[in-house]
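Undergrad: For reference, the structure I am asking about is given below.
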Amino acid sequence: MKFAIIQFGGSNCDYDVEYVLTEIIGIDASIVWYKERLNGYDGVVIPGGFSYGDYLRAGAIAARTEIMQDVRRMARYGRPVLGICNGFQILTESGLLPGALMLNNYPKFICRWTHLRVENDATPFTGRFKKGDVIQMPIAHKEGNYYADNQTLQRLKERGMIVLRYTDEKGEVREDVNPNGSVENIAGILNEHGNVLGLMPHPERASEEILGSADGLNIFNSMIEYAEGIATDEIGED
């Protein structure tokens, strides 16, 4: 079992993810520079940060690098792909996830803990949760305001593609606990096939109790368990 953590110029959560995967969970994980190739990996994490300084739009330049072709290939072959914060932005910019991440309603950088409700526990990333669980993870972003048009939003709901919503500590969805203005308090979504997840909260910053929560660890462990259980056919070239 081997996971890749993609590193772009401006990534700053890559080593945090590597620490969680290798030191806390104990799997083989490597940081992969964006000019390299993704060969022989069972899953991939696109970490948070400010790739290319968020120039043009957050994630726009990283989404157009060659390594994202490898990410698309892994996704087509059913491998789990996790995009955290800037990684979520990159996944929407690349078309691997629908919708867009816009400037926060209050147009400033926000860094604080949030409560989240698990909306779908039948995904490769939430297998260790139960639907309705209220968990805690921190956010740290300026462009985390998730937007989708009405048709896309309806599709997300009908197909169980909404995975996490911002709530209060009791799991109630309210406007005043929405930190960035995301439509319907959405904090994380899946692709159509269910193996690509983008979320704005940082699970790597909530993977040890000493940090205030270990809820994020369940996302990584769920992802690893899923990868262990799927077919290991070699990923072909386009």
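The values are calculated or read from the model by the stated rules, or taken from the named source; none is laboratory data. Note that this is a predicted model, so its numbers are computed, not measured. A quick note on method: Cβ atoms are made from the backbone with ideal geometry, for glycine too, and the neighbour counts reach across all protein chains shown.
Undergrad: Enumerate the pairs (first residue in segment 13-35 and within 19 Å of I67 (Cα to Cα); second residue anywhere and surrounded by 15 or more Cβ atoms within 10 Å (Cβ to Cβ) and among the charged types (D, E, K, R)) with beta-carbon separation below 7 Å, excluding pairs fewer than 6 apart on the same chain, so at least 6 apart or on different chains.
TA: Once the first residue is within 19 Å of I67 (Cα to Cα) and sits in segment 13-35, its partners that are surrounded by 15 or more Cβ atoms within 10 Å (Cβ to Cβ) and among the charged types (D, E, K, R) give C13/E204; V17/E204; A29/E18; I31/D14; I31/E18.
Undergrad: For segment 88-144, name all the residues that are over 15 Å from N191 (Cβ atoms) and β-branched (V, I, T).
TA: Once the filter is applied, which keeps residues that are over 15 Å from N191 (Cβ atoms) and β-branched (V, I, T), segment 88-144 yields I110, T114, V118, V134, I135, I139.
Undergrad: Can you tell me which of (1) on the phi > 0 side of the Ramachandran plot; (2) surrounded by fewer than 22 Cβ atoms within 10 Å (Cβ to Cβ); (3) outside any helix (DSSP H, G or I); (4) small (G, A, S) is the one S30 doesn't meet?
TA: So S30 meets the others, but not (1).
Undergrad: Identify all residues within segment 87-97 that are part of a helix (DSSP H, G or I) and either farther than 11 Å from A60 by Cβ or of a type in the set (D, E, K, R) (or both); write none if there are none. Spell out the reasoning first.
TA: Step one: of segment 87-97, the residues part of a helix (DSSP H, G or I) are 87-93.
If the condition is that a residue be part of a helix (DSSP H, G or I) and either farther than 11 Å from A60 by Cβ or of a type in the set (D, E, K, R) (or both), then G87, F88, L91, E93 are the ones that fit.
Undergrad: May I pose another question? Quick test for you: out of V45, V32, V71, V20, pick the one residue that is modelled with pLDDT of 95 or more and closer than 19 Å to M161 by Cβ.
TA: Sole residue among the options that is modelled with pLDDT of 95 or more and closer than 19 Å to M161 by Cβ: V71.
Undergrad: Taking the stated definitions as given, is F88 in contact with a strand residue (DSSP E or B) (Cβ under 6 Å, 6 or more places away or on another chain) and of a type in the set (F, W, Y)?
TA: Yes.
Undergrad: Same structure, new question: Taking the stated definitions as given, is G127 out of contact with any Pro (no Cβ under 8 Å at 6 or more places or on another chain), surrounded by fewer than 22 Cβ atoms within 10 Å (Cβ to Cβ), under 19 Å from V45 (Cα atoms) and not charged (D, E, K, R)?
TA: Values: out of contact with any Pro (no Cβ under 8 Å at 6 or more places or on another chain): yes; surrounded by fewer than 22 Cβ atoms within 10 Å (Cβ to Cβ): yes; under 19 Å from V45 (Cα atoms): yes; not charged (D, E, K, R): yes.
Yes; evaluated as a whole, the condition is true for this residue.
Undergrad: Looking only at segment 158-212, which residues are surrounded by 20 or more Cβ atoms within 10 Å (Cβ to Cβ) and in a helix (DSSP H, G or I)?
TA: N185, P203, E204, R205, A206
Undergrad: Would you confirm, using the coordinates I've provided, whether E204 is among the charged types (D, E, K, R), closer than 25 Å to D42 by Cα and touching a helix residue (DSSP H, G or I) at 6+ places or on another chain (Cβ under 6 Å)?
TA: yes
Undergrad: Looking only at segment 55-69, count how many residues are under 17 Å from the mean Cα position of the chain (by Cα) and either among the acidic types (D, E) or at positive phi (or both).
TA: Looking only at that region, the number is 1.
Undergrad: Of all residues in segment 98-153, which are without any contact (Cβ under 8 Å) to a residue 40 or more places away in the chain, assigned to a loop (DSSP other than H, G, I, E, B) and closer than 27 Å to Y226 by Cα?
TA: D121, A122, K130, K131, G132, D133, listed by residue number.
Undergrad: Then there is this: Could you tell me which of the residues R57, R73, R64, R79 is within 21 Å of T123 (Cα to Cα), of a type in the set (D, E, K, R) and surrounded by fewer than 19 Cβ atoms within 10 Å (Cβ to Cβ)?
TA: R73
Undergrad: Sticking with this one: Can you run down the residue pairs with Cβ atoms below 8 Å, 6 or more apart or on separate chains, where the first is in segment 187-213 and on the phi > 0 side of the Ramachandran plot and the partner is buried (at least 24 other Cβ atoms within 10 Å of the Cβ) and of a type outside the set (A, V, I, L, M, F, W, C)?
TA: Sorted first by the residue in segment 187-213, then by its partner, the pairs are G194/P124.
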